[in-house]
Amino acid sequence: MIQSMTGYGKSVLQLPTKKITIEVKSLNSKNLDINTRIPSFYKEKELTIRKKLADILVRGKVDFSIYVEMTADETSTSVNKGVVTEYMKQLRDVVYIDVNDQVELLKMAVRMPDALKTEREELDENEWSEIDKHITNALKEIVQYRTDEAASLEIDFKERIANIKSCLEEVKEMDGDRIDNVKQRLAKALDELKVEVDENRFEQELIYYLEKLDINEEKVRLANHLDYFLQALDSDDSNGKKLGFIIQEIGREINTTGSKANYAPMQKVVIQMKDELEKIKEQILNVL
């Protein structure tokens, strides 16, 4: 079962004093690119989070965020009373203001550096245990999203591979007519030259020329690659790079068939195969 690299997962943890929201988003990328936004008091867990993301998401451009919203009447920021008092004393000396107007002095003092102090919240391991569970929930959600997204891709891939197989059958059916057409064109060209040729030599040259135009190997390899793509698509793991390599081989056989065709009706069918293949290539970039 393939997975898309596009996904979104979210989980919300409500604690007595805060609400913690965990979000994970991913887009397609050649490799794993993780960007995290984590409050400073959870920073010591960043490496653990990154490893967990890498183990589960494997590949893609990943944005991971933890948002904390305080919901209780508690704050980690307090007024630095000593500093504010000293500022007010100094301001009385330099600012022309009524000494009794304490409010104005206070307004100026709290704007000064270090007037407020923030106490660093220590990491609570019990709290982190709950957060870690919700990170797991968010990752489960994004994996499900990726799986659902890939289901439509899989249907599209199978339809387009079936279309290429149908075109390949057309190529096989018209291959005999193509060879006859080549022979007729060569014979006509000789007739127009109005020269006598050695029939045995002509047959030898014709065989040599037709061998260069032979596409039997390409037809066999193309059919095998198409079947192999479907097998890889139905495998237990999702391997977009492997599918991409198979698509390259399919493209190589189609291109060689087109270059050897030398027959307009067959070249039209080859163009149809190329069109289907290009649509697969566009989507395969988003497969994990």
Here the qualifying pairs (Cβ atoms under 9 Å; residues six or more apart or on different chains; first in the range 143-167 and touching a residue at least 60 places away in the same chain (Cβ under 8 Å) and under 17 Å from L243 (Cα atoms); second in a helix (DSSP H, G or I) and among the aromatic types (F, W, Y)) come out as F157/F229; I161/F229
Practice item. Examine the range 276-284 for a residue that is surrounded by 14 or more Cβ atoms within 10 Å (Cβ to Cβ) and without any contact (Cβ under 8 Å) to a residue 24 or more places away in the chain, and state whether such a residue exists. Key: no
How many residues of the range 141-169 are within 11 Å of M273 (Cα to Cα) and open to solvent by 20 Å² or more (accessible area, probe 1.4 Å)? The answer is 5
Residue pairs within 9 Å by beta carbon, gap of at least six or interchain, first lying in the range 124-135 and over 16 Å from T17 (Cα atoms) and in the same structural domain as T21 (by the TED database), second assigned to a helix (DSSP H, G or I) and not aliphatic (A, V, I, L, M), listed first then second, are D132/K45; D132/T48; D132/K52; I135/K52
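Restricting to the range 183-215, name every residue that is farther than 15 Å from V270 by Cβ and modelled with pLDDT of 75 or more.
Result: Q184, K212, D214.
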Has the range 43-64 got at least one residue that is more than 30 Å from E141 (Cα to Cα) and either at pLDDT below 80 or in a loop (DSSP other than H, G, I, E, B) (or both)? no
Selection over the range 214-273 where residues are among the β-branched types (V, I, T) and open to solvent by 80 Å² or more (accessible area, probe 1.4 Å) yields a count of 2
> of a type outside the set (A, V, I, L, M, F, W, C), in contact (Cβ under 8 Å) with a residue 60 or more places away in the chain and open to solvent by 40 Å² or more (accessible area, probe 1.4 Å), is that true of K52?
Replying inline: yes
Filtering the range 15-37 down to residues that are surrounded by fewer than 15 Cβ atoms within 10 Å (Cβ to Cβ), in a strand (DSSP E or B) and in contact (Cβ under 8 Å) with a residue 40 or more places away in the chain yields K19
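The values are calculated or read from the model by the stated rules, or taken from the named source; none is laboratory data. Everything quoted here is computed from the prediction, not taken from an experiment. Heads up, the Cβs are rebuilt from the backbone with ideal geometry, glycines too, and the neighbour counts pull from every protein chain shown. Note: accessible area is taken over every heavy atom of the protein model, side chains too, but ligands, DNA and RNA are not part of it. Shrake-Rupley method; radii C 1.70, N 1.55, O 1.52, S 1.80 Å.
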